[in-house]
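The values are calculated or read from the model by the stated rules, or taken from the named source; none is laboratory data. All values reported here derive from a predicted model rather than from experimental measurement. Heads up, the Cβs are rebuilt from the backbone with ideal geometry, glycines too, and the neighbour counts pull from every protein chain shown. Quick note on the areas: whole protein, heavy atoms, side chains included, nothing else; ligands and nucleic acids left out. Shrake-Rupley method; radii C 1.70, N 1.55, O 1.52, S 1.80 Å.
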Amino acid sequence: MPPEIISIYGSPRRKGNTAILTQEAVRGARDAGAGVEEFVLRDLKISPCLEIYACRKKGECAIKDDFQMLRDKMLAAKGLIISSPVFFYSVSAHTKILMDRFQSLWVRKYWIDQIPHEAQNYNRKALFVSVGATHGKMLFNGVRLSMKYFLDTLDAALWRTLTYRGIDLEGEIKTHPGYLKEAYTAGKELAETVL
Ligand SMILES: Cc1cc2nc3c(=O)[nH]c(=O)nc-3n(C[C@H](O)[C@H](O)[C@H](O)COP(=O)(O)O)c2cc1C
C-alpha cells in the first residue's frame, strides 16, 4: 500500500524552521495512523523546466530525473505536507523547480484532457507550511498563490496553510512551542481527513 501522505521539505536548511514544523506535522499524521513518506528536495535531482513542451503530446515530461518518481508518489497519495520558507516573497528555489516541472500535468489537464476550470475534482488535500523573517502584511501572498495553483495541477486543494512571521535564525521556531503544537495538530487533522 502506498503511504497516504507524502511530505516534502522545500528548504535548503535540513534543520531549519520549516523543516522542524514539517517534522511536527509528520509526527501528528503518523500518530493519527497515516503512513507518511518524506522527501527532502535538496537531496533529489530535479532539473528546472526547460519549456520545450514535449509534454504537449501526452502530458509526460521529457526530462528524466527524480521528478517522475516524486510525481507518482504524490499522485498515489491522498494527503500532502509541503513546506517552504519565503525567499524574496516566493518559495525556495528547490520548491519552485519542483512546481515548474508540474507544468506537464497542467498541460495534460487543461490542454490534452480539456478539463473545464469549473469542473474541478480535488481529491487530494495539502497542508502548506511557510516561515518568513519579516512582518509585512503581504509576506505570504506570493507563496500562497504559487502553492494553490501548483496544487491544482495534481487535483489537490490547499486544505490548510500555516504561516509564521518574524522567524529567521536556524531553529528559532523552537522558541515558539505553540507553533510546533499547531503544526502537530494540523498534521494529525490532515491524516484524520484523508484516512
Ligand atoms: C535567499 C533568501 C531569501 C529570503 N527572502 C526573504 C523574504 O523575502 N522575506 C522574509 O521575510 N524573509 C526572507 N528570508 C528569510 C527566511 O524566510 C527565514 O530565515 C526563514 O526562517 C527560513 O526558513 P528555513 O529555516 O525553513 O529555511 C530569506 C532568506 C534567504 C536565505
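Identify, from the list Arg56, Arg13, the residue that is in contact (Cβ under 8 Å) with a residue 12 or more places away in the chain, closer than 15 Å to Gln103 by Cβ and not in a strand (DSSP E or B).
When all the criteria are applied, what remains is Arg56.
Run down Tyr164, Tyr122, Tyr184 and say which single residue is in contact with a strand residue (DSSP E or B) (Cβ under 9 Å, 6 or more places away or on another chain), open to solvent by 30 Å² or more (accessible area, probe 1.4 Å), within 23 Å of Ala29 (Cβ to Cβ) and not acidic (Asp, Glu).
Only one candidate qualifies: Tyr122.
Does Asp113 meet the test of being more than 12 Å from the ligand (Cβ to nearest atom), of a type in the set (D, E, K, R), open to solvent by less than 40 Å² (accessible area, probe 1.4 Å) and without any contact (Cβ under 8 Å) to a residue 60 or more places away in the chain?
no
A quick yes/no check of all residues on (1) part of a helix (DSSP H, G or I); (2) within 11 Å of the ligand (Cβ to nearest atom):
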{"site": "Lys109", "(1), (2)": "yes, no"}
{"site": "Asn121", "(1), (2)": "no, no"}
{"site": "Val129", "(1), (2)": "no, yes"}
{"site": "Arg144", "(1), (2)": "yes, no"}
{"site": "Met147", "(1), (2)": "yes, no"}
{"site": "Asp152", "(1), (2)": "yes, no"}
{"site": "Gly178", "(1), (2)": "yes, no"}
{"site": "Ala186", "(1), (2)": "yes, no"}
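Looking at the range 1-17 only, could you name the residues that are open to solvent by less than 10 Å² (accessible area, probe 1.4 Å), within 12 Å of the chain's Cα centre (by Cα) and near the ligand (Cβ under 9 Å from one of its atoms)?
Gly10
With the requirement that a residue be in a helix (DSSP H, G or I), open to solvent by less than 20 Å² (accessible area, probe 1.4 Å) and closer than 19 Å to Ala76 by Cβ, what does the range 18-46 give you?
Hits for the range 18-46 are Val26, Ala29, Leu41.
From the residues in the range 125-146 that are of a type in the set (Ser, Thr, Tyr) and open to solvent by less than 60 Å² (accessible area, probe 1.4 Å), which one is farthest from Ala76 (Cα to Cα)?
Ser130
Do the conditions hold for Tyr149, that is, is it surrounded by fewer than 22 Cβ atoms within 10 Å (Cβ to Cβ), at pLDDT below 95 and over 21 Å from Val40 (Cβ atoms)?
Answer is no for this residue.
Identify, please: which residue in the range 63-92 is among the basic types (Lys, Arg) and not in a loop (DSSP other than H, G, I, E, B) and is, among those, most open to solvent (accessible area, probe 1.4 Å)?
If we take residues in the range 63-92 being among the basic types (Lys, Arg) and not in a loop (DSSP other than H, G, I, E, B), then Lys73 is most open to solvent (accessible area, probe 1.4 Å).
Does at least one position in the range 63-82 carry a residue that is more than 12 Å from the ligand (Cβ to nearest atom), on the phi < 0 side of the Ramachandran plot, more than 16 Å from the chain's Cα centre (by Cα) and in contact (Cβ under 8 Å) with a residue 40 or more places away in the chain?
Within the range 63-82, not a single residue is more than 12 Å from the ligand (Cβ to nearest atom), on the phi < 0 side of the Ramachandran plot, more than 16 Å from the chain's Cα centre (by Cα) and in contact (Cβ under 8 Å) with a residue 40 or more places away in the chain.
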